[in-house]
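K.L.:
Have a look at this one.
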Amino acid sequence: MTDMSEQQQIARSWDRPEGADFATWMNSRVARFATRKYDWDALKFQADFDPKYRRAQMRYVGTGGTGVATDANTVPSEHFTFSTMVIPAGNEGPPHLHTDVEEIFFVIRGKLKLVLEKDGERFETILTDRDLVSVPPGVYREEINIGDEDALMCVMLGAKKPITPTYPPEHPLAKIKR
């Protein structure tokens, strides 16, 4: 068991910086849409392999699970990450697995076919506007935009810095060096 005095000495991302006034501190915790940019390069190695994997991430809290190391334009993360993802019509997020975290997809607009797999079992469903799925660690997930327009979804991962996801061993992306 950890001593409470030890826990109070550990700096957390939400702690007020030394000498910062309240407004400065609170402003550092605001991520405005106007200051975000879609990062089409976060998963570019996938799109370079096959254009159907082209999609973009817009980060708000932390850097997510894409492998982006740092982004000074985000609210620091303590226990989860939060971003939005655009998947163009006909494109997809390839099957991938997070070993360490739960992942949430909340569809803001669009029509996605969601494929989940674990130990040879498969589940498919269609997600549309305002639908949500919570995918446990250890379950492969794949999102395919089957609509006629870009799909926009929120993505939340349950760790400050999730382990970079892996692909099924037989998938071609499993052999690509990032």
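The values are calculated or read from the model by the stated rules, or taken from the named source; none is laboratory data. These figures come from a predicted structure and were not determined experimentally. Backbone-built Cβ (ideal geometry, glycine too); neighbour counts: all protein chains shown.
K.L.:
Tally the residues that are more than 17 Å from the chain's Cα centre (by Cα) and of a type in the set (Phe, Trp, Tyr), restricting the search to region 21-50.
P.N.:
Within region 21-50, residues that are more than 17 Å from the chain's Cα centre (by Cα) and of a type in the set (Phe, Trp, Tyr) number 3.
K.L.:
Separate question: Among the candidates VAL155, VAL115, which residue alone is under 27 Å from ASP48 (Cβ atoms), assigned to a strand (DSSP E or B) and touching a residue at least 60 places away in the same chain (Cβ under 8 Å)?
P.N.:
Going through VAL155, VAL115 in turn, just one is under 27 Å from ASP48 (Cβ atoms), assigned to a strand (DSSP E or B) and touching a residue at least 60 places away in the same chain (Cβ under 8 Å): VAL155.
K.L.:
If you check every pair at least six apart or on different chains, which have Cβ atoms under 7 Å apart with a residue in region 41-52 that is farther than 14 Å from ILE87 by Cβ first and a residue that is among the charged types (D, E, K, R) and modelled with pLDDT under 95 second?
P.N.:
Qualifying pairs under 7 Å: PHE45/ARG178.
K.L.:
Return yes when ASP100 is free of Cβ contacts under 8 Å to residues at least 24 places away in the same chain, at negative phi and out of contact with any Ser or Thr (no Cβ under 9 Å at 6 or more places or on another chain) and no when it is not.
P.N.:
In short, no.
K.L.:
Mind listing whichever residues of region 129-178 are out of contact with any Asp or Glu (no Cβ under 9 Å at 6 or more places or on another chain), of a type in the set (Lys, Arg) and either buried (at least 17 other Cβ atoms within 10 Å of the Cβ) or on the phi > 0 side of the Ramachandran plot (or both)?
P.N.:
ARG130
K.L.:
What are the residues in region 16-49 that are farther than 24 Å from ILE176 by Cα and touching a helix residue (DSSP H, G or I) at 6+ places or on another chain (Cβ under 9 Å), if any?
P.N.:
Selection gives ARG16, PRO17.
K.L.:
Within the bounds of region 100-116, is there any residue that is among the basic types (Lys, Arg) and farther than 20 Å from ASP39 by Cβ?
P.N.:
Yes, region 100-116 contains a residue that is among the basic types (Lys, Arg) and farther than 20 Å from ASP39 by Cβ.
K.L.:
So which residues in region 158-171 are free of Cβ contacts under 8 Å to residues at least 24 places away in the same chain and outside any loop (DSSP other than H, G, I, E, B), if there are any at all?
P.N.:
none
K.L.:
In region 77-105, which residues are at pLDDT 95 or above and among the small types (Gly, Ala, Ser)?
P.N.:
SER83, ALA89, GLY90, GLY93
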